[in-house]
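First the structure, in the form of structure tokens, and then the observations on it.
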Amino acid sequence: MTLTESDARQLLEVLRGRLSEIGAREILDGIEESRRLGVEETLSGQDAKELKQVGAMRRRPLSAVEELSIVLSRLEERLVVLPRLASSTKEKLKTDTIEWRVDTEFVSEDRIPEVSIARLLPEGNHAVGELIAEIMKRAGISSAGKTE
Amino acid sequence: MATPQELNQLVSSINALLNLPAAQQLLQLNSNTCERAYEAYVLSLCAEAVRRAGGTAVLTGINSGANPSPVVFRGAPGSMASKNQNFAFVDCTLKSKRFEIHVDVEYQGTSGALHEIDVSICSKQHADAVRTTNGSPKASGNNLLVALECKFYENALGITLGRTFVGLVSDCSGVRFKAFVANLPSDKLQKYFSKEARPEPFLGLSPTISDSEDRFIFNVQQSLLKWA
């Protein structure tokens, strides 16, 4: 399926709304940051030749299709890659119980609470992986974050 | 162009995905947790590099000793000598050398400033001295062997962190292997690190790309073998 700018805008609106409902604030902030950074591209050979005095790199805003591609790829990082790296860490360190705690002399536990690796491996995370793979395939977006 | 039915199906799939409790739990994690998990993953790859080089790597708690349960890693950067929690490190031997792999420890640079290093390998003798004196490890001499900056990116990759890490390693001396490690590829960062004497980039290091793990492990392994 090839998405038009209008299709992509519609899907982005759904995604933003649902992420906001869930309280995925940091994911939404990441999306905004990606928008802010835009896309860096090199001017074409002819342009660069004409503009010898200046740098050939310029930044342009993301198209809706590019933005959708970034959003889905980032969801994949959070929903697929994160659990996989948690499993890999447990396997390589040969332990089931990993926790992150702070040195309470310097950081309040309220600010950075104790977290167990089990939080990164919720029940049903395989179904999540299958579903996001299906969505990306239908939208014509590869795992590397590029449109097919 | 997508038909209205195809678009509706995509919207339904997105809703189904975001209704799954497992997806909601993962999306609500804060980015600090993701960063710490990525650092622990990189530490586990370093331990694997030591084993593949023919050495031993044993998880050790600062208070409890070998094979602690649970394994506790720092949730924020701190002192190598801190005993407020049973913070874990990996105690390693390779040929006649002894060293330790740490996460989120502060080192004193050659300027005297303290720097946080996400994953580091420090000589055992120096780490023992730090714990005995309650001081800070020095990022000079033969003390700091490996310095890794780890980043679990969830937005487009800017070069800011790369620039900061270049500044950090310029305040360290004697480091045998320094690298910038991230979960996503980036042409921009790759280009930035291509200049001579800059840290080596491992961009797109992820368990979903097995080649990337092998390449990273091989590089750490070779650098340790050269030293040992």
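What follows is calculated from the coordinates using simple rules that are stated; it is not laboratory data. On a predicted model such as this, the values are computed, not experimentally measured, just so you know. Cβ atoms come from the backbone with ideal geometry, glycine included; neighbour counts cover every protein chain shown.
Hey, what number do you get for chain B at 222 nm if only DSSP H runs of n ≥ 4 count, each worth -39500 (n - 2.57), divided across all residues, to the nearest 500? Don't jump to the answer; show the numbers that get you there.
Numbers: 7 runs with 91 residues, N = 228.
Only helices count here, giving -12500 deg cm²/dmol.
Neighbour counts of other C-beta atoms within 10 Å: give me B:126, B:102 arranged from fewest to most.
On the way: B:126 19, B:102 23.
Ranked by crowding around the Cβ, least crowded first: B:126, B:102.
Quick check for me: using +1 on Lys/Arg Cβ and -1 on Asp/Glu Cβ, what's the dipole size of chain B about its Cα centre, in debye to the nearest 20?
Details: 21 positive and 20 negative charges, 154 e Å.
In debye, rounded to 20, chain B gives about 740.
Per-residue Cβ counts within 10 Å, from other chains only, averaged over B:56-64: what number is that?
Numbers: counts 0, 3, 0, 4, 0, 0, 0, 0, 0.
The mean count of partner-chain Cβ atoms within 10 Å per residue comes to 1.
Counting only other chains, and only Cβ atoms inside 10 Å, what mean value do you get across the residues of B:37-50? Before the final figure, lay out the partial values.
Details: counts 11, 5, 2, 10, 11, 2, 3, 10, 3, 1, 4, 4, 0, 0.
Per residue, the average neighbour count from other chains is 5.
How large is the Kirkwood hydrodynamic radius of the stretch B:1-157, in angstrom, based on all distinct alpha carbon pairs?
Numbers: mean 1/r = 0.0561 Å⁻¹.
When all Cα pairs of the stretch B:1-157 are included, the Kirkwood radius is 17.8 Å.
Could you give the dipole magnitude of chain A about its Cα centre, charging the beta-carbon of Lys and Arg +1 and that of Asp and Glu -1, in debye to the nearest 20? Can you show the working numbers first?
Values: 23 positive and 28 negative charges, 96 e Å.
Computed about the Cα centre, the dipole is about 460 debye.
Please sort through the DSSP H helices of chain B and keep those with an alpha-carbon extent of at least 20 Å along the long axis and a Kyte-Doolittle average not below -0.5.
Numbers: long enough: B:4-19 (22 Å, 0.09); B:31-52 (32 Å, -0.19); B:210-227 (26 Å, -0.60).
Result, helices passing both filters: B:4-19, B:31-52.
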